[in-house]
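Down below is the structure, laid out as structure tokens.
The values are calculated or read from the model by the stated rules, or taken from the named source; none is laboratory data. The structure displayed is predicted, hence computed values, not measured ones. So basically every Cβ, Gly included, is an ideal-geometry build from the backbone, and we count neighbours across all protein chains shown.
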Amino acid sequence: MKEKFFQPHLDFFGFSASLLCAVHCMAVPLVVTFGALGGLAWLTNPWVEITLIAASIWIASWSLARSYFKHHRRFTAISIVAGGFALLIVSRFVAHEWEPIMAVLGGVAIATAHWINWRLCRQCNNCSIA
């Protein structure tokens, strides 16, 4: 029986981490704008961003490379995740008003790559899911 997406596997964890990163990038400007939410000031800490980005890179690299070589041999998910990481990296160096938009798009692209990778693994007839 094939796995459902919302069960513990690398692509689900990568999808979750990337979506959490995107939500973080959307929430931080709101938290800063609404000073009354001072208890959430820890979200603006650069180490939170670095941790989320590092977790996304680590999980995506492990999951997508493993699935590519062991299962489907299709480059689709890897190219999407590369674009997502490029958006995240470029977002660190652009004008302040573009940074959250590019970071959110990067996080969503990485999450999408995990979902596509999971779908490709499910379609693989000669193997089980990664």
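Could you list, in sequence order, all residues of segment 57-104 that are under 12 Å from Asp11 (Cα atoms) and surrounded by fewer than 16 Cβ atoms within 10 Å (Cβ to Cβ)? Trp58, Ser61, Trp62, Ala65, Arg66, listed by residue number.
Among the residues of segment 15-27, are any over 15 Å from the mean Cα position of the chain (by Cα), assigned to a helix (DSSP H, G or I) and at pLDDT below 80? Talk me through it step by step, then tell me what you get.
So the first thing to find is which residues in segment 15-27 are over 15 Å from the mean Cα position of the chain (by Cα), and the list is 27.
Subset that is assigned to a helix (DSSP H, G or I): 27.
Okay, now just the ones that are also at pLDDT below 80, so 27.
Checked against the condition, which is being over 15 Å from the mean Cα position of the chain (by Cα), assigned to a helix (DSSP H, G or I) and at pLDDT below 80, segment 15-27 yields at least one hit.
Residues in segment 42-78 that are of a type in the set (Ser, Thr, Tyr), out of contact with any helix residue (DSSP H, G or I) (no Cβ under 8 Å at 6 or more places or on another chain) and in contact (Cβ under 8 Å) with a residue 12 or more places away in the chain: 0 in all.
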